[in-house]
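Reviewing the structure listed below.
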Amino acid sequence: MSEVLLSAKGLRLAFGGVKAADGIDLDVLDGEFLAIIGPNGAGKTTFINMTTGYLKPQGGEIHFAGERILGLSPRAIVRRGIARSFQLPQLFTEHTVLENAAMAVAAREGFFSALKPLLRPAWREEAMDLLARFGLTAIAGTRADALNEGARKLADIAMAVALRPRLLLMDEPTSGVAASEKMEIVERLATVLRDARVTAVFVEHDMEVVGRFADRVAVWSQGRIAALGQPERILNDPDVRREVIGIETGGRHAAA
Amino acid sequence: MNSRTEAFLAALLALAVLAAASTTPWLVFVLTLALAKGIAVLGILLLLRAGQVSFGHALFVAFSAYTVAFLAPKLGDATLLLPIGALFAGVLGLLVGLFVVRYREIFFGMLNLALSMVFYSLLEKLYTITKGTDGIRVPAATFLGRTLDRHGYEWALLLTALALAILCAVFARFYLASPMGQALSGIKTREARLEFMGVSARRVLLSAYVISAVMAGMSGALIAMTSRHVTPHLGYWTASGELVFIAILGGAGGVIGPFLGAIVFELVRVYAAASFADAWQLILGVVLLLVILFARGGLWGMVLKLCGRRA
């Protein structure tokens, strides 16, 4: 776990007068789980949007596995091995969970086949296997618009994992998830990602989750990275506690 | 609905068409037109799956019909005219599609409408080529080199239309179950997700658009050969609206819906026109209103309910 997988240098992007990225330098190491924390509006999601090609930075560079990906379309970036999940799960609401997963498998395997069914045996099997790993087998036949928030989040992430990315960017994977099921979901997620050897960057507000699952933590503040390091150090840093954790959670879950 | 029940119902509908045509000879013409329109509506249905309504698909019907009218004196055989009409419509569909699939919803609908009206105007104004509103007479086509008498010609066209309808319906059913077809409703519900899975939503929609244009082309070729007279009215916006009307009437939930809708539409039109003269449009309007208010799944949705399953 030392090779740099994603490298961002000097990323800048402003919306009007608001600097959402003001010189972001960040190296994501192959195999690590990197948590991004920080107050709302600090530019955490903007970083994900720039990395996935949804927003174009006004300055800076992004390299992935040695290749420059700045300026590529979201589609081209996905094909290079960066997948994302969403703060608000982006599921195909008229489809079942199984069909959603199968769509993602299809997207990876070759979408433009007009006569073979989406739920062909091989893809159905892979989709069911994926759902099993996420603990979603029981709701495979449920339509996506009928799920609770926790299941929608997991299904959303499962679709991203089905693309077999090298890097997965997750925007608040546990927001909106009931506190009682949060740890279980993250535990399961971490297992799946480690098994699949996926490097993960996740935006997270729950410091207990961060403390338990992140290898490193990056603290975002006003479009800059205010601190970066091991969770024990960062989460116990008085400045971070006051500036970020205090504001965000009122001091709950201050450290792992 | 499982495929066996659907195939059974389709066979039932096909037999009903044949039975009606053999007992009531003047219905042969009406039912051929109905099946032809049903094929075009099937194309509309594909786009409806993506949440997109084209108010201009009569463009492809008319383009193909005029292609057949121009080529019929030279290539008089139906087995040549039909595929050529469909192919030309498909090529036009690709050109138009490259442009319109960049837009969604009202813009998609209106752009289609606008382009179809441009073509309509050309048909109407370029008198030296198109004979304007007088239209062009289409000579009777031969079938595999054989010249048929009037009765045989009408039946040959009806059977061709029926065969094509079945072929297109079976194809559409496979298509809709494929990733490409399933992604159409993905465009409706979560287009951004497709892009973030590495799939081009535009290409998905373009494929469906070209297929719908080819289907409209088959429809236009059949209509030209059946009515043996093409006029710019084939491409007028009301003709496009009629296709959407039939799609709603028949129901977008299954591939039989368009044909059920088209047959009912044509029969209501013929009988209402005969019995109530100028009031038939009023009757059709009321029928559509009732469908929208009480049977959102259209006639096909009603059939599904009768079969005891949810639409």
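Look at (1) free of Cβ contacts under 8 Å to residues at least 24 places away in the same chain; (2) within 14 Å of another protein chain (Cβ to nearest Cβ); (3) assigned to a loop (DSSP other than H, G, I, E, B) and you find that A:Ala106 fails only one, number (3). Suppose the filter is crowded, with 24+ Cβ neighbours inside 10 Å and more than 14 Å from chain A (Cβ to nearest Cβ); does B:Gly220 pass it? In short, yes.
Residues that are of a type in the set (Ser, Thr, Tyr) and out of contact with any Ser or Thr (no Cβ under 7 Å at 6 or more places or on another chain) were ranked within the stretch B:109-128; the one that is surrounded by the fewest Cβ atoms within 10 Å (Cβ to Cβ) is B:Thr128. Of note, B:Phe88 does not satisfy the criterion of being within 14 Å of chain A (Cβ to nearest Cβ) and either closer than 19 Å to B:Val41 by Cα or not in a helix (DSSP H, G or I) (or both). Mind checking whether some residue in the stretch B:179-188 is facing chain A (nearest Cβ under 10 Å) and either surrounded by fewer than 20 Cβ atoms within 10 Å (Cβ to Cβ) or touching a Gly at 6+ places or on another chain (Cβ under 6 Å) (or both)? Yes: the stretch B:179-188 contains one or more residues that are facing chain A (nearest Cβ under 10 Å) and either surrounded by fewer than 20 Cβ atoms within 10 Å (Cβ to Cβ) or touching a Gly at 6+ places or on another chain (Cβ under 6 Å) (or both).
If the condition is being outside any strand (DSSP E or B), out of contact with any strand residue (DSSP E or B) (no Cβ under 8 Å at 6 or more places or on another chain) and not polar (S, T, N, Q), then the stretch A:58-73 contributes A:Gly66, A:Gly71, A:Leu72. Looking at B:Gly220, B:Gly257, B:Gly250, just one residue is within 28 Å of B:Leu80 (Cα to Cα) and touching a residue at least 60 places away in the same chain (Cβ under 8 Å), and that residue is B:Gly220. Checking the conditions here, which among B:Ala163, B:Ala201, B:Ala192 is touching a Leu at 6+ places or on another chain (Cβ under 6 Å) and of a type outside the set (Asp, Glu)? Of B:Ala163, B:Ala201, B:Ala192, the one residue that is touching a Leu at 6+ places or on another chain (Cβ under 6 Å) and of a type outside the set (Asp, Glu) is B:Ala201.
Return a yes/no flag: does the stretch B:23-44 have any residue that is over 12 Å from the mean Cα position of the chain (by Cα), more than 14 Å from B:Ser227 (Cα to Cα) and part of a helix (DSSP H, G or I). Looking for residues that are over 12 Å from the mean Cα position of the chain (by Cα), more than 14 Å from B:Ser227 (Cα to Cα) and part of a helix (DSSP H, G or I), one finds at least one in the stretch B:23-44, hence yes. Applying the condition of being within 23 Å of B:Leu82 (Cβ to Cβ) and part of a helix (DSSP H, G or I) to the stretch B:121-140 and asking which residue is farthest from the chain's Cα centre (by Cα) yields B:Ile129.
Using the structure shown, decide if A:Ala21 is more than 14 Å from chain B (Cβ to nearest Cβ), touching a Leu at 6+ places or on another chain (Cβ under 8 Å) and among the aliphatic types (A, V, I, L, M). Judged against the criteria, A:Ala21 is a match. Of all the criteria given as (1) of a type outside the set (Gly, Ala, Ser); (2) part of a helix (DSSP H, G or I); (3) farther than 21 Å from A:Asp215 by Cβ, the one not satisfied by A:Ile48 is (3). When A:Ala151 is tested against (1) within 12 Å of chain B (Cβ to nearest Cβ); (2) under 15 Å from A:Ile185 (Cα atoms); (3) of a type in the set (A, V, I, L, M), exactly one condition is not met: (1).
Could you tell me whether the stretch A:190-202 includes any residue that is under 30 Å from A:Leu131 (Cβ atoms), of a type in the set (Lys, Arg) and either outside any helix (DSSP H, G or I) or assigned by TED's automatic domain parsing to the domain that holds A:Ile36 (or both)? Yes, the stretch A:190-202 contains at least one residue that is under 30 Å from A:Leu131 (Cβ atoms), of a type in the set (Lys, Arg) and either outside any helix (DSSP H, G or I) or assigned by TED's automatic domain parsing to the domain that holds A:Ile36 (or both).
The values are calculated or read from the model by the stated rules, or taken from the named source; none is laboratory data. Worth saying up front: this structure is predicted, and the values here are computed from it rather than measured. So basically every Cβ, Gly included, is an ideal-geometry build from the backbone, and we count neighbours across all protein chains shown.
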